[in-house]
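The values are calculated or read from the model by the stated rules, or taken from the named source; none is laboratory data. Just so it is clear, the model here is predicted, and its values are computed rather than measured. With ideal geometry, Cβ positions are generated from the backbone for all residues, glycine too; neighbour counts draw on all protein chains shown.
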Amino acid sequence: MVMMMETQRIPIVRLSGKLIVSIQTALSDTVVDRLQQDVAAACERGDARGLVVDVSGVDVLDSYITRSLRDLAVMARLMGVETVVCGLRPAVAMTLVEMGMELPGVRTALNLDRALALLDSLQPEGLPNDLAGEGDEWEGEA
Amino acid sequence: MNEIAGEILAILRRYLSEPTSRSLLTSAARRANVRLEVLVRSEIPQLVQQLGPGLNIFLQEPEKLQNCKSLLALVAVENAPSIPTESQQQPSEGRADGISVPIRAEHDVVRARTLGKDMAKQLGFSEVVQTKVATAVSELARNIFQYAGTGEIRIRRIEGKRRGIEVVARDQGPGISDPALILSGAYRSKWGMGAGLRGTKRLVDEFELDTHPGLGTTVRIRKYAE
């Protein structure tokens, strides 16, 4: 029985200026490559300032997929979109460390909530006021 | 339902909900003419055979279907009546030689990886060990697909004093001309085979690389339950 794996696509959700990708499927190389392209296209539209990749549904991250995730984050940053990878399972994190495959240069967070909070705290200064709403960080500037 | 039937149910439960698993198992038992309350090992093969049609209906994802059937087949072979008892153990060839996954297309890498994880889980390995086994299988399967095109991954359990899992990845690809260099970390390939093999070596307890340029590569790894 052959299934058309090629059609599988990971959805990218837009939510208040952020792109959210939640990976809930076993990752094949093709799916990861397509995700990279889709994220690049989504970044290009210009209305996103942050990207969260939630990998809590991923039970295995091997060297190729890990590198692809890092590339995706670096690519998004080059396009002005900060990326936070979140939800790494403990067993996956331990395996990556043992393999010597950390995610250099990639911000990580425990879960989706914290990832979104981290992105909010990263918003560069000088953005329009509507984005600075929750900013307690201004008070230090006296 | 006795303990032996419980083992079969445990495999089904990995892929299906509790009610579905139970109803599949009871209907298969009826067709196989066996009773789950007093199931004996020699009846497992006929029971497993009767599970096939139901699985085809309820397990939509081909990858999971194949893996579930492979695991069941493994249990069936291990319990086949013709197999002599433990006292006559032979090294590797004698008993069930595990599950073989041909690597021909990219999604076979995912399949091998999932199966590695399922088997490690079946053997009662911890989540971390399961993940390490699955990751190692994924690296080996990907190397086969990327460098040799086709090959085979064979996964089997290791019985004896130390319980564990053995994975053999075999291909007839171009081989590796300088394995020592690759494992040393000084070499970086385009897709990172070096990183993959080095990572695999660090994840497992035993690692054997046998490669002949122009003839192919065989990697044998073993991971024991912690």
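What the table below lists for this structure:
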item	result
So residue A:13, is it assigned to a strand (DSSP E or B) and more than 9 Å from chain B (Cβ to nearest Cβ)	yes
Complete set of residues in the stretch B:122-139 that are over 15 Å from the mean Cα position of the chain (by Cα) and at pLDDT below 90	none
All helices (runs of 4 or more DSSP H) inside the stretch B:1-95 with 2 or more residues being modelled with pLDDT under 90 and closer than 19 Å to residue B:119 by Cβ	B:3-15, B:44-58, B:62-78
Qualifying residue in the stretch B:140-161 (condition: under 18 Å from the mean Cα position of the chain (by Cα), basic (Lys, Arg) and under 19 Å from residue B:11 (Cα atoms))	yes
Residues of the stretch B:162-189 classified as of a type in the set (Gly, Ala, Ser) and under 15 Å from the mean Cα position of the chain (by Cα), total	2
Residue within the stretch A:87-101 that is away from every other protein chain (no Cβ under 14 Å) and either surrounded by fewer than 16 Cβ atoms within 10 Å (Cβ to Cβ) or touching a helix residue (DSSP H, G or I) at 6+ places or on another chain (Cβ under 9 Å) (or both) present	yes
Listing of strands (runs of 3 or more DSSP E) fully contained in the stretch A:30-126 that carry 2 or more residues being within 24 Å of residue A:8 (Cβ to Cβ) and within 13 Å of the chain's Cα centre (by Cα)	A:50-54, A:82-86
Of the criteria (1) over 21 Å from residue A:64 (Cα atoms); (2) more than 9 Å from every other protein chain (Cβ to nearest Cβ); (3) touching a helix residue (DSSP H, G or I) at 6+ places or on another chain (Cβ under 9 Å), which one residue B:176 fails	(1)
